[in-house]
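S.K.: Can you read through this structure? Questions will come right after.
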Amino acid sequence: MQKHLLLRLLAVLLGFTLVASACGDDDSDSGEAADSSSDSSDDSADDSEDVVEATQDGSVLAAVVARGELNCGVSGAGVGFSVTQPDGSQVGFDADYCRATAAAILGDADAVNFVPLTAAERFTAVQTGQVDVLFRNTTWTQSRDTDVGMDFGPTTYFDGQQLMGRAGDGFSGASGVADIDGAVVCTNAGTTTEKNIADAADAEGISIDLQTFEDFNQVTDAFINGACDIITTDGSALVGRKAEQQPADQEWAIFPATPISKEPLGPTYGQNDSAFADAVNWTVYATMIADENGINQANVDGAVANPPTAEIGRLLGGEGELQSAMGLSADAFYQVISQVGNYSDIFDRHLTPLGITREGSANAQWTDGGLIYAPPAR
Ligand SMILES: N[C@@H](CCC(=O)N[C@@H](CS)C(=O)NCC(=O)O)C(=O)O
């Protein structure tokens, strides 16, 4: 992993995007990168300028602009978040955040190459340059943020792990982990989910038969055909699966004494690329700031013509705009709101129809007691 980080730094300094982790580089290359940065102490003014320029050129941001398309990793099997359609397109909350990012960077929400990834594949896909960013029901954790070599953007959906059983199996009165002693519990591999449930079972002193599958479609199929007593994952996914897949002859019950974890979901990308991170992060913040100010897809044109506040004027590309200094077009966030929408537009399009609500939850705006809070556009 250390080797990968050094390779990435080297690639950035050379103005290349890292496209493969197995480049055959050895410690001498790492030494070169270290040497060039220690040289900078001899003439710090000149060299620091060079480093800034090289870093901007080497950013994934420049690569996306040059390519004219954003490679965005999604699930493809996340009901409400990203579901692959028969024509290959993606529909969902995460898929719309891919589109929003493309609208900000490229001015075109359709300039997205969606890459469906299983949970186990997703981080390698970023590290090898197969995707620029993941919007894939991905939980921000300490190890992913450090050892795995990712950086995380603002949380777009505050989730928590829940359990679901069939009421007919005697789980109608079940409320939490204490009630599943001896059960076959199913989830997908490479997730926080499998670790959390193992920890929770240990903490309760119960024993479970934990079975993991490659993707969550297989998990749900196994649950439907009776191979699993319990399925567990992010609560949003259980609500989505129940809404869409509960057979007429079954009654699925989400246990009330859950969540058993915090699952802050949001964008993640390779670490130490500030220019790209800023572009992704401020795309998300723009959707939240617009939402906080009541500026949505339907009224954004009026807001550009007549900004209700100075902050909205700046955000949409008017006087004092800050987007140019980030390497984006002045109207980057106007394009986001106009082509994709604000946070509520995106939430209401994909999650509200599943019965997921913001009111009273962490996903409400901070002004309504929630945790959706963006720093000021100033
Ligand atoms: N948030 C957890 C779980 C992510 C996860 O894989 N969730 C399931 C349920 S939303 C999923 O995306 N399934 C779709 C699939 O496996 O392709 C993590 O980051 O590890």
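The values are calculated or read from the model by the stated rules, or taken from the named source; none is laboratory data. Everything numeric in this text was worked out from a predicted model, so none of it was measured. Note that each Cβ is placed from the backbone with ideal geometry, even for glycine, and that neighbours are counted across all protein chains shown.
S.K.: Kindly indicate the residue of region 308-319 that is buried (at least 19 other Cβ atoms within 10 Å of the Cβ) and assigned to a loop (DSSP other than H, G, I, E, B) and also nearest to the chain's Cα centre (by Cα) among those meeting that condition.
M.R.: 316
S.K.: Next question, about the same structure. Considering only residues that are in a loop (DSSP other than H, G, I, E, B) and either in contact with a Lys or Arg (Cβ under 8 Å, 6 or more places away or on another chain) or closer than 15 Å to residue 265 by Cβ (or both), which ones fall in region 67-84?
M.R.: If the condition is that a residue be in a loop (DSSP other than H, G, I, E, B) and either in contact with a Lys or Arg (Cβ under 8 Å, 6 or more places away or on another chain) or closer than 15 Å to residue 265 by Cβ (or both), then 75, 79, 80, 81 are the ones that fit.
S.K.: For residue 236, state whether it is near the ligand (Cβ under 10 Å from one of its atoms), touching a residue at least 24 places away in the same chain (Cβ under 8 Å) and among the polar types (S, T, N, Q).
M.R.: Judged against the criteria, residue 236 is a match.
S.K.: Now a separate question. Of the residues in region 187-230, how many are touching a residue at least 60 places away in the same chain (Cβ under 8 Å) and more than 14 Å from the ligand (Cβ to nearest atom)?
M.R.: Final tally of qualifying residues: 3.
S.K.: Given region 173-260, what strands (runs of 3 or more DSSP E) lie entirely inside it while holding 1 or more residues that are at pLDDT 95 or above and under 26 Å from the mean Cα position of the chain (by Cα)?
M.R.: Filter on region 173-260 gives 184-188, 209-213, 230-234.
S.K.: Any residue that is in a strand (DSSP E or B), within 11 Å of the ligand (Cβ to nearest atom) and surrounded by fewer than 24 Cβ atoms within 10 Å (Cβ to Cβ) - is there at least one of those in region 117-126? Break it down stepwise before answering.
M.R.: Filtering region 117-126 down to residues in a strand (DSSP E or B) leaves none.
No - not one qualifying residue is present in region 117-126.
S.K.: Can you tell me which residue in region 147-166 is farthest from the ligand (Cβ to nearest atom), limited to those that are assigned to a strand (DSSP E or B) and hydrophobic (A, V, I, L, M, F, W, C)? Break it down stepwise before answering.
M.R.: Taking region 147-166 and keeping what is assigned to a strand (DSSP E or B), we get 150-152, 157-159, 161-166.
Narrowing further to those that are hydrophobic (A, V, I, L, M, F, W, C): 150, 152, 158, 163-164.
Numbers: 150: 11, 152: 11, 158: 11, 163: 13, 164: 12 Å.
If we take residues in region 147-166 being assigned to a strand (DSSP E or B) and hydrophobic (A, V, I, L, M, F, W, C), then 163 is farthest from the ligand (Cβ to nearest atom).
S.K.: So, one more: Taking region 320-363 as the search range and keeping residues that are β-branched (Val, Ile, Thr) and not in a helix (DSSP H, G or I), which one is surrounded by the fewest Cβ atoms within 10 Å (Cβ to Cβ)?
M.R.: 357
S.K.: Can you tell me which residue in region 127-146 is nearest to the ligand (Cβ to nearest atom), limited to those that are buried (at least 24 other Cβ atoms within 10 Å of the Cβ) and among the hydrophobic types (A, V, I, L, M, F, W, C)?
M.R.: At the first step, the residues of region 127-146 found to be buried (at least 24 other Cβ atoms within 10 Å of the Cβ) are 131-138.
Retained after the next criterion (residues that are among the hydrophobic types (A, V, I, L, M, F, W, C)): 131, 133-135.
Numbers: 131: 14, 133: 15, 134: 9, 135: 11 Å.
By that ranking, first place goes to 134.
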